[in-house]
Amino acid sequence: MAGKKRSLAVNAVLNCLRVCSNIIIPLISFPWLTRVLHAENFGKVSFCSSLVAWFVLAAGLGIGAYSIREGARLRENREKLSRFCDEIFTINLFSAALAYGLLAAFLLIWRPGGDYPYIIAVLSVGILGGTLSFDWLPNVMEDFRFITVRVVSIQFLALCAIFAFVRRPEDYVIYAWITAASSIASAALNFAYARRNIRIVPAWNFDWKSRLRPILILFGNALMISIYLQSDITMLGFFRGEREVGLYKIPVQIYSAVKTMLNAITVVAVPRMSLYLSADRKEDYHKLASMILSCLAYLCIPAMLGLCLIAENCVLLIGGNEYVSSTPALRILCLALVAAVFGNFYVNAVLIVHRREKSAFTATVVSALVNIVLNLALIPAVGFVGAALTTLAAEIVVVTLLAYFSRAYVRVWPDRKVIAPMCMGSALILLSCRFVDGLQLNLAPDTALKIALSVLAYGMVTGVAAAFAVAGKRRRKQERM
């Protein structure tokens, strides 16, 4: 298992396929679900999912981020990695038991009516799935082929199940079961992958304090991130009801899908960056960090602009006319996209790999407090629009603080050379969309043509800029010779 070096380019392509699956399959299933279940029932499952997500987070602690960082440093030594996995598995067993206890106590205190307890119980299998999944191990080994095949296969089977069994508004319980089954299937495949490569037995005799201290700090960081990413849906459910949650779920899903695709660039590089730092290869780390930062700059701005321009089309295609009122929320979330993606880079590719999780925790605590205060003020007054505004404010706060804390370890801003082609390409995106508006096409061809022309125009501008940059480097190298 150890010693097999994988290409970052191949990993990036595989991860891109995985992320595309995360986007395309929901784009196929969401229109079906939103129309069959309607906003109220769809919102009921979404609300229960948002509640269970807090207990899944408690079961996971900060184990995922910690294990990727520390496991990447041990992956060349199979014995040490196996011992590390045993220790992490033991901690995860305790955290899962605690999470189930907290969930039971929550239900006893809240005492929800209707079928809420049943749906929550079904979805809570995600707690067990997270414990058994070892989801971080394929990332440590940079085995993105396994990750991609697993994700695409399970999502495809879930999609088939949705079309086969979710056919009436009252089938929202079946939809919850399909979601739970997907979680268990993913965990089973991950567990089998782990058993094939390492032993998995509980380990009791180890230094718990040395493991738990960074894990709990990372858990605090993950908790704060969840507060400013998920509390809006939970609070919408309490303050405004199931229908408002259902309406807001569409823009959140679109925003999250695009953000996940952009974050994939950082995801594939984190294990390699951690490996570079453990081997004291700081120059390689800085080159890779600089390349990722420039790639994010090239992609984030056009993604934000393009999504904002076709926001109404996206909502109509996925949700239909019933959800079109949520378009302003999607446009607000588009503005948060750049901050969210760069924030993810500073957290995972800079602060956590440098073992500066305390700095990341400080930033997320501040943004979580901003989020809670604004949610309490805005959601009761303006509903999901207030939730979107709160997300935007929280993302701006957190990326500002993270960039400040990261300045000692990596260049905070992208290379200035990317700004000019980025601005020119973005202007062409705007002109392309305005041109298509004038054609007055139907919804689907209008959306497809806007995307195609925007990608073509932006790609041409950035491609020419990259060609000139490469030619300039070659010329300067020849002059030095």
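The values are calculated or read from the model by the stated rules, or taken from the named source; none is laboratory data. Fair warning: this is a prediction, and the values are worked out from it, not measured in the lab. Backbone-built Cβ (ideal geometry, glycine too); neighbour counts: all protein chains shown.
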Inset, instruction - Confirm whether VAL353 is in a helix (DSSP H, G or I), under 20 Å from the mean Cα position of the chain (by Cα) and either at pLDDT below 90 or not basic (Lys, Arg) (or both). - result: no
Inset, instruction - Inspect segment 287-305 for any residue being touching a residue at least 60 places away in the same chain (Cβ under 8 Å) and of a type in the set (Phe, Trp, Tyr) and give the result as yes or no. - result: yes
Inset, instruction - Any chance you could count how many residues in segment 235-267 are touching a residue at least 12 places away in the same chain (Cβ under 8 Å) and under 18 Å from the mean Cα position of the chain (by Cα)? - result: 19
Inset, instruction - Return yes when ALA279 is assigned by TED's automatic domain parsing to the domain that holds ILE332, surrounded by fewer than 22 Cβ atoms within 10 Å (Cβ to Cβ) and either touching a residue at least 24 places away in the same chain (Cβ under 8 Å) or over 20 Å from the mean Cα position of the chain (by Cα) (or both) and no when it is not. - result: yes
Inset, instruction - Identify the single condition in (1) modelled with pLDDT under 90; (2) surrounded by fewer than 24 Cβ atoms within 10 Å (Cβ to Cβ); (3) part of a helix (DSSP H, G or I) that ILE332 does not satisfy, given that it satisfies every other one. - result: (1)
Legend entry - Single condition LYS80 does not satisfy, out of (1) among the charged types (D, E, K, R); (2) buried (at least 19 other Cβ atoms within 10 Å of the Cβ); (3) at pLDDT 80 or above: (2)
Legend entry - Conditions (1) over 19 Å from ILE91 (Cα atoms); (2) part of a loop (DSSP other than H, G, I, E, B); (3) in contact with a helix residue (DSSP H, G or I) (Cβ under 9 Å, 6 or more places away or on another chain); number of the one not met by PHE146: (2)
Legend entry - Residue that is nearest to ALA58 (Cα to Cα) [pool: residues in segment 123-134 that are buried (at least 22 other Cβ atoms within 10 Å of the Cβ) and not small (Gly, Ala, Ser)]: ILE127
